[in-house]
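Heads up, the thing below is written out as C-alpha cells.
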Amino acid sequence: MIDRASLETLFEGAPRFLDRLEAAGPFESPDLLFHVARDIAHAMPEDEQIELIDAHPRLGAPPGTVSRLSYTEQGYDRATATPRDVAAELERLNDAYEARHGFRYCVFVAGRPREALLPDMAVAIDADRTTELHRALDAVVDIAIDRHGKLTAR
C-alpha cells in the first residue's frame with residue numbers, strides 16, 4: 001500500500017486529487033492505483049484538473065523551487081547548464097502556453113534535454129485546449145508511474 005506522503009511525492013501534491021485517490025483505495029497493485037489515478041484525473045472538475053497539472057513546476061523553473069524528483073527529471077543534477085537561448089525560449093513558451101490554455105505545460109520529460117522539448121511545446125500552444133488538458137493529465141500520471149518505478153527499484 002502506498003501512503004499519503006508517497007502519493008504526494010509521486011504527484012507533486014494536488015490535495016483534492018490526492019483526497020479522491022485515497023478515498024478510492026486501498027489498491028491491490030500499483031498498476032491498479034495508476035489506472036484509477038488516470039480515471040480520477042480525467043473525471044474531476046476542471047479546476048481540480050488544473051490544480052493537479054499546476055502542482056508540477058514549469059519546465060526550466062529555477063532549480064531551488066522544484067522538488068527533489070523534479071530536480072533530477074529536469075536535468076539539474078547533470079553537469080551541463082541550459083544555454084541562455086534555450087532558457088529564454090522556455091520562458092517565452094511557458095508564458096504563451098499558460099496565457100492560451102490557463103494551466104502549465106506538463107510533459108513527461110523522460111531524460112530528454114530541455115532543447116528537445118521546445119518543438120512539441122511550441123506546437124502545443126496552438127493545440128485544442130481540451131486536448132491539451134487531457135494530454136497534460138496523462139503526463140502527470142505517466143510521471144508518477146515513472147517515479148514509482150524508480151523509487152521502488154532501489
Please pick out the residue among 110, 144 that is outside any helix (DSSP H, G or I) and out of contact with any Cys (no Cβ under 9 Å at 6 or more places or on another chain).
110
Regarding segment 121-140, can at least one residue be identified that is open to solvent by 40 Å² or more (accessible area, probe 1.4 Å) and in a loop (DSSP other than H, G, I, E, B)?
yes
Among residues of segment 1-25 being in contact (Cβ under 8 Å) with a residue 12 or more places away in the chain and not in a helix (DSSP H, G or I), the residue nearest to residue 144 (Cα to Cα) is 12
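The values are calculated or read from the model by the stated rules, or taken from the named source; none is laboratory data. As the structure is a prediction and not an experimental result, all values here were calculated from the model. Quick reminder, even Gly has a Cβ in these numbers, built from the backbone with ideal geometry, and neighbours come from all protein chains shown. Ligands, DNA and RNA are excluded from the accessible area calculation, which covers all protein heavy atoms including side chains. Shrake-Rupley method; radii C 1.70, N 1.55, O 1.52, S 1.80 Å.
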